[in-house]
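Heads up, the thing below is written out as structure tokens.
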Amino acid sequence: MAAINVKAQNGTKFFSLRGGWVAKNAFTGTLSFDISTKYFNQNEIFAEYYQNYKNHDLKTIMGGFVLKPVMFRSGNTALRFRLGAGIGSTTRKFVAAPQLGLEYAQSIGKGFDLLIINRNQVLFWGDKADKWRIGLEAGIRIPIN
């Protein structure tokens with residue numbers, strides 16, 4: 001009798017590309033590397049670009065880490081809580097931004113997922129007019145292993 005060590009979803013890696021709208025006239029684009037852990041939870045390493053489209057001087061580039069414990073999972077659908085932080089810079093100074101939010105992932109087959117993400121950030125050491133960021137992103141997650 002042979003035994004095979006099987007770990008469903010544990011260690012699966014993904015690359016994701018997202019874009020979206022941020023309240024008060026801005027848009028954001030995000031590239032991320034996601035690593036699945038036990039029980040369909042995930043960790044994310046991200047790079048984010050933020051641009052205010054009315055005031056072109058308000059730009060931010062950040063990188064960071066997010067923990068994503070699963071709240072609900074059924075078949076091909078998962079809802080995860082997002083808790084993390086990013087650091088980076090505006091065009092003038094260093095910034096840091098803790099974030100909370102939700103991630104809705106719908107599997108579309110072959111390991112690909114469609115994503116809808118709510119991200120809520122508070123920006124430290126940034127412009128006062130740009131302190132709170134409440135955004136909605138959509139994108140795709142692509143398996144790489």
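The values are calculated or read from the model by the stated rules, or taken from the named source; none is laboratory data. Predicted model, so just to flag it, every value in this text is computed and none were measured. All Cβ positions, even for glycine, are placed from backbone atoms using ideal geometry, and neighbour counts span all protein chains on display. Ligands, DNA and RNA are stripped out before the accessible areas are found, and what is left, the full protein with its side chains, is counted by its heavy atoms. Shrake-Rupley method; radii C 1.70, N 1.55, O 1.52, S 1.80 Å.
Table for the structure above
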read-out	value
Pick from the stretch 81-93, criterion of a type in the set (D, E, K, R) and not in a strand (DSSP E or B), ranking: surrounded by the most Cβ atoms within 10 Å (Cβ to Cβ)	Arg92
Residue match in the stretch 14-27 (condition: free of Cβ contacts under 8 Å to residues at least 60 places away in the same chain and part of a strand (DSSP E or B))	yes
Lone qualifier among Arg119, Arg73 - being of a type outside the set (Asp, Glu), modelled with pLDDT under 95, touching a helix residue (DSSP H, G or I) at 6+ places or on another chain (Cβ under 8 Å) and part of a strand (DSSP E or B)	Arg73
Given (1) hydrophobic (A, V, I, L, M, F, W, C); (2) open to solvent by less than 20 Å² (accessible area, probe 1.4 Å); (3) without any contact (Cβ under 8 Å) to a residue 24 or more places away in the chain, index of the condition Ala78 fails	(3)
Residues (of a type in the set (A, V, I, L, M) and open to solvent by 50 Å² or more (accessible area, probe 1.4 Å)) located in the stretch 94-137	Leu100, Leu102, Ile108, Leu114, Ile116, Ala129, Ile134, Leu136
Counted residues, the stretch 32-70 - those being farther than 24 Å from Ala97 by Cβ, part of a strand (DSSP E or B) and open to solvent by 80 Å² or more (accessible area, probe 1.4 Å)	0
Number of positions in the stretch 14-31 that are over 16 Å from Arg82 (Cα atoms), surrounded by 13 or more Cβ atoms within 10 Å (Cβ to Cβ), in contact with a Phe, Trp or Tyr (Cβ under 8 Å, 6 or more places away or on another chain) and not aromatic (Phe, Trp, Tyr)	5
